[in-house]
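What follows is a short report on a single structure.
The values are calculated or read from the model by the stated rules, or taken from the named source; none is laboratory data. The structure displayed is predicted, hence computed values, not measured ones. Here the Cβ positions follow ideal geometry from the backbone for every residue, glycine too, while neighbour counts run over all protein chains shown.
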Amino acid sequence: MLDVNDYIEKLKEWLNDFEEQLHQSDGLSENFVDEVKGLQNKLSREEDHGKLGKIQYEAEQLYDRYINSRAVESRNENDGESKRVAIGEHTLPRLNYQYHDLEPYIARRIMELHHKKHHQSYVDGLNKAEKELQRQRERNHFELVKHWERELAFHGAGHYLHTLFWKVMTPKGGGQPNGALLKQFVLDFGSFEAFKAHFSEAAKNVEGSGWAILVWSPRPGRLEVLTAEKHQNLTQWDVIPLLPLDVWEHAYYLQYENKREDYISNWWKVINWPYVQQRFNEVRNNVSIV
């Protein structure tokens, strides 16, 4: 159990990390920085040490407001843009970082092959399946429909999971989430550490090729850890992926060989928790079940 001084130091460290994150953000709001500095000043005054619970609560509320403001900003940037992708017109998404930026945890060559070759193959396969099914609808003649539906599921799931996979990683990532997401981990798993252990074991035990995925399940209102073989098998409907980990061998073998466990352990060091938090807030607040 932490004593008061250790607790203060941990809270100071968290606020310093939050301030650094704010300075690295695009469209920085000075109000958030000023509020962080105000909380830091409170921690430096001994007369406020009796209010540590209140200071922590204010810090968590501030972080949640920041994440929500980023989500609103993202939505505003997309206003007026069509979200519909024409049939057979999917494209490979650009990364928000360079291939070497996740080193030493994920090697540049792995990132380059994974993105340019493997992900591109899912995009190509998805486009081909969509166009073939479109032709069959136009002709009202559905030969090999079973095959093309399988291709649609496999390549579509591969494309969408990889698109999310790139976004949940970032240089200088890692650590753990804060605010509402951390509270949800405690509520649904007992602690963040319990979630992390569960997720790691699930990823380690995926048979053959597949994924471990943190999802939001809106019907029961809970976070869940699921696994998928290939990209689309053995998972659930009616859930929204938040944090996927690719454990196909192409994601790690050039660097880690058969040591999947080491790859999983190092992957935690590049997780983009602010993005996961933003996605969590979006789906929790805006997805309703009817």
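For every residue, the table says whether it meets (1) assigned to a helix (DSSP H, G or I); (2) surrounded by 16 or more Cβ atoms within 10 Å (Cβ to Cβ); (3) at pLDDT 75 or above; (4) assigned by TED's automatic domain parsing to the domain that holds N272.
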| position | (1), (2), (3), (4) |
| --- | --- |
| I87 | no, no, yes, no |
| P93 | no, no, yes, no |
| M111 | yes, yes, yes, no |
| H114 | yes, yes, yes, no |
| K117 | yes, no, yes, no |
| S121 | yes, no, yes, no |
| G125 | yes, yes, yes, no |
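Quick test for you: out of P274, P244, pick the one residue that is buried (at least 18 other Cβ atoms within 10 Å of the Cβ) and either over 25 Å from G156 (Cβ atoms) or free of Cβ contacts under 8 Å to residues at least 12 places away in the same chain (or both).
Details: P244 fails: either over 25 Å from G156 (Cβ atoms) or free of Cβ contacts under 8 Å to residues at least 12 places away in the same chain (or both).
Only one candidate qualifies: P274.
The set of residues from the stretch 183-199 being buried (at least 18 other Cβ atoms within 10 Å of the Cβ) and either within 16 Å of the chain's Cα centre (by Cα) or at pLDDT below 95 (or both) comprises Q184, F185, F195, F199.
Is it fair to say K269 is modelled with pLDDT of 95 or more and within 17 Å of the chain's Cα centre (by Cα)?
Values: modelled with pLDDT of 95 or more: yes; within 17 Å of the chain's Cα centre (by Cα): yes.
In short, yes.
Give me a count of the residues in the stretch 180-207 that are farther than 14 Å from E261 by Cα and not basic (K, R).
Going through the stretch 180-207, the residues farther than 14 Å from E261 by Cα turn out to be 180-195.
From what is left, the residues that are not basic (K, R) are 180-182, 184-195.
Residues in the stretch 180-207 being farther than 14 Å from E261 by Cα and not basic (K, R): 15 in total.
Hey, can you tell me all the residues within the stretch 201-215 that are in contact with an Asp or Glu (Cβ under 8 Å, 6 or more places away or on another chain) and not in a loop (DSSP other than H, G, I, E, B)? Those that are in contact with an Asp or Glu (Cβ under 8 Å, 6 or more places away or on another chain) and not in a loop (DSSP other than H, G, I, E, B): K204, G210, W211, L214, V215.
Those residues that are of a type outside the set (D, E, K, R), under 23 Å from Q176 (Cβ atoms) and surrounded by fewer than 20 Cβ atoms within 10 Å (Cβ to Cβ), I need them from the stretch 217-238; list them, please.
Step one: list which residues in the stretch 217-238 are of a type outside the set (D, E, K, R), which gives 217-218, 220-221, 223, 225-228, 231-237.
Cutting the leftovers down to under 23 Å from Q176 (Cβ atoms) gives us 217, 221, 223, 225-227.
Answer for the stretch 217-238, where residues must be of a type outside the set (D, E, K, R), under 23 Å from Q176 (Cβ atoms) and surrounded by fewer than 20 Cβ atoms within 10 Å (Cβ to Cβ): S217, G221, V225, L226, T227.
When A212, A202 are checked against the criterion of being out of contact with any helix residue (DSSP H, G or I) (no Cβ under 8 Å at 6 or more places or on another chain) and modelled with pLDDT of 95 or more, a single residue qualifies: A202.
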